[in-house]
Each structure stands twice: as C-alpha cells, then as structure tokens.
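Read the structure below first, then the notes.
The values are calculated or read from the model by the stated rules, or taken from the named source; none is laboratory data. Please read these numbers as outputs of a predicted model, since none were measured by experiment. Note that we place each Cβ from the backbone using ideal geometry, even for glycine, and neighbour counts take in every protein chain shown.
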Amino acid sequence: MAGGGTSQPPSITQQPADQTATVGNTAQFSVTATGAGPLAYQWYKNGALMSGATGSTYSIPNVAQSDDGARVYVLVVDINSLSTASNAATLHVTSLATVATPSISPSGGSFSAPVQVALACATSSAQIYYTTDGSAPSQSSTLYNAPFTVSAIGSTMVMAEAILGEHPVMIGRDANEPVHAPTMRRGHRGRHRRR
C-alpha cells in the first residue's frame, strides 16, 4: 500500500448461521462483511466451490435429505485481493410430514337422486382440495370447507387431495372405482408439505 501503510483483509461482521430446511424447500445463507470495496464473495459447500454463488447470500434450492449436515462457508475478497473465510454454517434437513389420505363419503356407487358428498382427513390442519371432473386436484382446485351436492346426470368422479404446509409431495392415491350412471365415482390421494 502506498505511504507505508498496511492493508487489512475484509472483516466479517455477521457470520453465516446454521439453517434448518425441510426436504424440497430452499435453504439460504448470508454473510455481512466490511473492507476495501467492492467486496467479492465465493461460497463453498462441503469444501467444493459453488459455481455462480458469488453474492452475499447463497441459496440451496430443493434441499434433499442428502444435504443434511452440509457445511457452508464463504470467502470474502476485497479490492486489494485480501481475503477472509467465514466460519462454516451447517445445514440441517428435516423430513416431510406425512399427511393421511383424505376420505370421501359416500365411497361411490349408483344413486337415483343427488347425493351429498363429505370429505375428511385425519391429519389436523390439512387442507383438502377437490375436483368433480376426475382430474387430479391441486392447490388451484376447489378448497373443501363443507359437504357439497353431486347432482350431474351421468358419471361424476370426485377426486380429493390433502395438503399440509408449503411443499406438496404426493404420498398415495387410491384406485378409482368404476360405477354405472347415474353415479358418483371417487378417487383420493394424500399429499404432504412441511411448514
């Protein structure tokens, strides 16, 4: 440095913190540092350089169970090419919660008049979404909040799905039962997400 002074490497004022994420979600690590700017960042996971991870934050999308225990740190480099490595933070990965398969009542059959359909799920706080056209339900389908009437002439297929939390993963789907018109057929599947 000109004038006989000494340069100081960057100083990390906030270290990356351990993170906990559920399978399928995103884990995000961050660092705060000061020094002769602009500062550059390079993140490492389990000692391997993470390509493109060159900001003050680093995200691991779609976390897998195999990411559990991963050690993440960042190298901060200043304009004078002096560097400081952060402390390593640990990623803890939790499994998805299991959601019970929703039940549909009545369970199917032939009916000579409109029929009241009730949906239920043994997993508390699970939300049930359903369709009446035989298509697979999703979060954009109708949210169940009370029994409904199926009155269409012909065959109607009710499909239901239970979801808990943020990240859906299908865990099961019952086989559909073919029946004769005027009928109601049923299908259901359970999905789970973790908050």
Original post:
For region 54-86, what are the residues that are without any contact (Cβ under 8 Å) to a residue 12 or more places away in the chain and either under 15 Å from residue 20 (Cβ atoms) or of a type outside the set (Gly, Ala, Ser) (or both)?
Top reply: none
**OP:** Among what's in region 9-24 and is assigned to a strand (DSSP E or B) and among the polar types (S, T, N, Q), pick the residue that is surrounded by the fewest Cβ atoms within 10 Å (Cβ to Cβ).
**Re:** 13
**OP:** Select from region 118-131 the residues that are assigned to a strand (DSSP E or B), of a type outside the set (A, V, I, L, M, F, W, C) and in contact with a Leu (Cβ under 7 Å, 6 or more places away or on another chain) and write down the one among them that is surrounded by the fewest Cβ atoms within 10 Å (Cβ to Cβ).
**Re:** 127
Original post:
Filter region 141-173 for residues that are modelled with pLDDT of 90 or more and outside any strand (DSSP E or B); which is surrounded by the most Cβ atoms within 10 Å (Cβ to Cβ)?
Top reply: 144
**OP:** Mind listing whichever residues of region 68-83 are over 17 Å from residue 57 (Cβ atoms) and hydroxyl-bearing (Ser, Thr, Tyr)?
**Re:** 81, 83
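Which of the strands (runs of 3 or more DSSP E) contained wholly in region 72-117 include at least 2 residues that are touching a Pro at 6+ places or on another chain (Cβ under 7 Å) and either surrounded by fewer than 16 Cβ atoms within 10 Å (Cβ to Cβ) or at pLDDT 90 or above (or both)?
83-85
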